[in-house]
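Take a look at the structure below.
The values are calculated or read from the model by the stated rules, or taken from the named source; none is laboratory data. Since the structure is predicted, the reported quantities are computational estimates derived from the model, not experimental observations. Every residue, glycine as well, gets a Cβ built from its backbone with ideal geometry; the counts of neighbours run over all protein chains shown. Just so you know, the surface numbers come from the protein's heavy atoms only, side chains and all, with ligands and any DNA or RNA stripped out. Shrake-Rupley method; radii C 1.70, N 1.55, O 1.52, S 1.80 Å.
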Amino acid sequence: MVYIIKRVLQLIPILFAITFLSFAMMRLAGSDVVEQKMLNTGQVISETQLEMAREQLGLNSPFLVQYFRWLGNLLHGDMGFSYVSGKDVFETFVSKLPATILLTVTSIALTVIISIPLGVISAVYQNKFIDYIIRFFSFIGNSLPNFFVSLVLMYFLGIKLGWLPIISKDINSTSIIMPTLTLAIAMSSKYLRQVRTTVLDELSKDYIVGAKARGVKFSITLMGSVLRATLVTIITLLALSIGSLLGGTAIVESIFMWDGVGKMAVDAINMRDYPIIQAYVMWMAIIYVLVNLITDLSYRFLDPRIRLGDRES
């Protein structure tokens with residue numbers, strides 16, 4: 001418990017620093033939401049009208065005044081209202097979150113189903129034909145950017161075969177397939193190589209030779225000892241991916257029009273909708289902080305050497 005409290009206290013200043021830097025960078029972008037609205041509508045608006053709109057939104061105040069006003073409201077549970085839609089920021093954010101969580105769960109589940117078995121098979125049959133095949137396709141999958149995979153899937157599964165909808169009009173079992181495949185292909189290609197490397201390292205250790213000499217079945221050693229030893233690596237990879245996926249994969253969500261947090265952030269950046277952007281940055285920071293904390297705690301649970309090292313120190 002003391003360890004958890006220390007970690008949380010260490011991370012609080014990081015959260016404040018992230019909010020300050022993001023707030024500053026958005027103000028240095030060179031334009032504001034009022035100018036962006038004018039450009040999008042094509043209307044001719046006088047400078048006086050622009051200044052009145054900025055004054056109404058509080059954009060004419062000094063930077064530090066704007067930041068501490070926003071921070072004070074945030075600490076009281078008020079995230080403000082969208083400059084574009086006028087809706088409550090928290091309600092807007094919460095409405096987009098289920099779609100991102102659903103996409104995260106399906107992508108991670110498919111990645112685990114693909115990467116762990118193939119990584120283990122590739123390690124067990126090292127330098128055999130099946131190993132070369134798995135490594136070849138993992139190299140191809142790891143080399144392709146998500147936007148290219150998205151376009152390929154849209155062309156073949158959506159246009160040529162007509163099996164799946166190209167644009168996600170609603171959140172349902174068919175519209176989620178292509179975004180999930182896009183994310184899982186890249187993650188599985190990366191993860192199975194890491195799993196293969198970790199399993200190979202474990203298979204070269206002395207306890208594997210000892211177990212074989214005692215007549216222990218290889219399948220028992222593999223499932224009981226080797227896979228447990230690889231859990232630290234797997235959890236590290238999954239934690240990083242969960243953090244990024246919960247933040248919303250902006251490119252994939254935008255391509256498939258998946259109405260999640262990532263697409264919301266892209267739209268907000270384009271419109272200079274500062275309250276929405278700040279909510280997104282806060283969400284990303286909190287997610288990564290929590291994921292890192294949970295990952296560290298899982299290390300202490302899975303690896304006795306880490307617990308022993310803490311007691312000795």
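Go through (1) open to solvent by 30 Å² or more (accessible area, probe 1.4 Å); (2) free of Cβ contacts under 8 Å to residues at least 40 places away in the same chain; (3) farther than 29 Å from ILE171 by Cβ; (4) not in a helix (DSSP H, G or I) one by one and return the number of the condition LEU64 breaks.
With (1) open to solvent by 30 Å² or more (accessible area, probe 1.4 Å); (2) free of Cβ contacts under 8 Å to residues at least 40 places away in the same chain; (3) farther than 29 Å from ILE171 by Cβ; (4) not in a helix (DSSP H, G or I) applied to LEU64, the lone miss is (4).
One residue is enough: does segment 127-140 have a residue meeting the conditions in contact with a Ser or Thr (Cβ under 8 Å, 6 or more places away or on another chain), among the polar types (S, T, N, Q) and at pLDDT below 85?
Residues of segment 127-140 in contact with a Ser or Thr (Cβ under 8 Å, 6 or more places away or on another chain): 130-131, 134-135, 137-140.
Pick out the ones that are also among the polar types (S, T, N, Q) and you get 138.
Still in the running and at pLDDT below 85: none.
No, segment 127-140 contains no residue that is in contact with a Ser or Thr (Cβ under 8 Å, 6 or more places away or on another chain), among the polar types (S, T, N, Q) and at pLDDT below 85.
Show the residue pairs meeting these rules: Cβ distance below 7 Å; 6+ apart or different chains; first residue within segment 205-233 and farther than 16 Å from VAL124 by Cα; second residue of a type in the set (Asp, Glu) and surrounded by fewer than 16 Cβ atoms within 10 Å (Cβ to Cβ).
Here the result reads VAL232/ASP303, each pair linking segment 205-233 to a residue that is of a type in the set (Asp, Glu) and surrounded by fewer than 16 Cβ atoms within 10 Å (Cβ to Cβ).
Kindly indicate whether LEU74 is under 22 Å from VAL291 (Cβ atoms), surrounded by 13 or more Cβ atoms within 10 Å (Cβ to Cβ) and either modelled with pLDDT under 75 or out of contact with any Phe, Trp or Tyr (no Cβ under 8 Å at 6 or more places or on another chain) (or both). Before the answer, list the steps.
Working: under 22 Å from VAL291 (Cβ atoms): yes; surrounded by 13 or more Cβ atoms within 10 Å (Cβ to Cβ): yes; either modelled with pLDDT under 75 or out of contact with any Phe, Trp or Tyr (no Cβ under 8 Å at 6 or more places or on another chain) (or both): yes.
Judged against the criteria, LEU74 is a match.
Tally the residues that are under 17 Å from ALA109 (Cα atoms) and of a type in the set (D, E, K, R), restricting the search to segment 159-180.
Qualifying residue count, segment 159-180: 0.
Take residues that are open to solvent by less than 50 Å² (accessible area, probe 1.4 Å) and touching a Ser or Thr at 6+ places or on another chain (Cβ under 9 Å) and tell me which of the helices (runs of 4 or more DSSP H) falling wholly in segment 190-294 contain 2 or more. Before you say what the answer is, go through the steps one by one.
Working: elements: 206-213, 218-221, 231-246, 250-255, 261-271.
Those helices (runs of 4 or more DSSP H) span 206-213, 231-246, 250-255, 261-271.
Return yes or no: is ARG307 surrounded by 15 or more Cβ atoms within 10 Å (Cβ to Cβ), modelled with pLDDT under 80 and over 22 Å from the mean Cα position of the chain (by Cα)? Spell out the reasoning first.
Values: surrounded by 15 or more Cβ atoms within 10 Å (Cβ to Cβ): no; modelled with pLDDT under 80: yes; over 22 Å from the mean Cα position of the chain (by Cα): yes.
No: the conditions fail for ARG307.
Just for segment 152-172: of the residues that are open to solvent by 90 Å² or more (accessible area, probe 1.4 Å) and of a type outside the set (A, V, I, L, M), which one is modelled with the lowest pLDDT?
So, considering only residues that are open to solvent by 90 Å² or more (accessible area, probe 1.4 Å) and of a type outside the set (A, V, I, L, M), the one modelled with the lowest pLDDT is LYS169.
When the residues of segment 123-136 are filtered to those that are of a type in the set (A, V, I, L, M, F, W, C) and more than 11 Å from ARG193 (Cα to Cα), which remaining residue is surrounded by the fewest Cβ atoms within 10 Å (Cβ to Cβ)?
Pass one, segment 123-136, residues of a type in the set (A, V, I, L, M, F, W, C): 123-124, 129-130, 133-134, 136.
Applying the additional criterion that residues be more than 11 Å from ARG193 (Cα to Cα) yields 124, 129-130, 133.
Working: VAL124: 18, PHE129: 8, ILE130: 13, ILE133: 13.
So, considering only residues that are of a type in the set (A, V, I, L, M, F, W, C) and more than 11 Å from ARG193 (Cα to Cα), the one surrounded by the fewest Cβ atoms within 10 Å (Cβ to Cβ) is PHE129.
Restrict the check to segment 112-122 and report whether at least one residue is surrounded by 13 or more Cβ atoms within 10 Å (Cβ to Cβ), farther than 30 Å from MET264 by Cβ and of a type in the set (S, T, N, Q).
yes
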